[in-house]
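Structure first, then comments.
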Amino acid sequence: MKTVAPIRRELGVKTFFNMLGPLANPAKPQNQMVGVFNLELARVYAYLYQKSGIKYTILNALDGYDEISLTCDFKTFSQDGERVTSVESLGFEKLREDQIIGGHTVSDSADIFMQVLKNEATTAQTSVVLSNAAMAIKTIKPETSFADCFYEAEESLISKKALNSFKTLLAN
């Protein structure tokens, strides 16, 4: 995968390798949340993961985001089947796309990422990140409510555990 990365970047379009990446993860995680850009790909992933023994959540926002954007409802596929979840059922009002737009450069995006980790981002940005973190936690602990998973993610952010974990990752 490393050898084809420069070619993929130069092409500027989604390739088979974009789809293959999560399935070919050399770390072989036993829990995996994967965001995809369309429902067809979500269904393919769900089919491939269903007999893998991995706890998984495949996620697609119905407006095309590959994450919980809080701009629209989203669909998940997991061992428990498929489900459409509304933003309102999570306790949020729908966001406008301009509230969560990322940076225009890698540096801008990195700044937003650090603002989130330092708990200095906008409420909209933080809510999106915490919602996705909560879904990842729920993938690992499917019996736990989304709200409890959200509070766990929020506590990690507020206590700086998430920031410290990121710093540890960078140091290694």
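Read the figures in this text as sums done on the coordinates, not as results from a lab. Quick caveat: nothing in here was measured; it's all calculated off a predicted structure. Neighbour counts run over all protein chains shown; Cβ positions are idealised from the backbone, glycine included.
See the values below:
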quantity	calculated
Top-ranked residue in region 50-94 [being among the charged types (D, E, K, R) and closer than 16 Å to Val36 by Cα; ranked as surrounded by the most Cβ atoms within 10 Å (Cβ to Cβ)]	Glu67
Residue that is farthest from Ile100 (Cα to Cα), among those in region 138-149 that are surrounded by fewer than 21 Cβ atoms within 10 Å (Cβ to Cβ) and not hydroxyl-bearing (Ser, Thr, Tyr)	Glu143
Strands (runs of 3 or more DSSP E) contained entirely in region 37-154, each with at least 1 residues that are in contact with a Leu (Cβ under 7 Å, 6 or more places away or on another chain)	55-61, 74-78
Any pair with Cβ under 6 angstrom, 6 or more apart, that starts in region 23-46 at a residue that is farther than 18 Å from Glu67 by Cα and ends at one that is surrounded by 14 or more Cβ atoms within 10 Å (Cβ to Cβ)	Gln30/Ile54
Residue that is surrounded by the fewest Cβ atoms within 10 Å (Cβ to Cβ) [pool: residues in region 104-124 that are in contact (Cβ under 8 Å) with a residue 12 or more places away in the chain, under 22 Å from Glu93 (Cβ atoms) and in contact with a helix residue (DSSP H, G or I) (Cβ under 6 Å, 6 or more places away or on another chain)]	Asn119
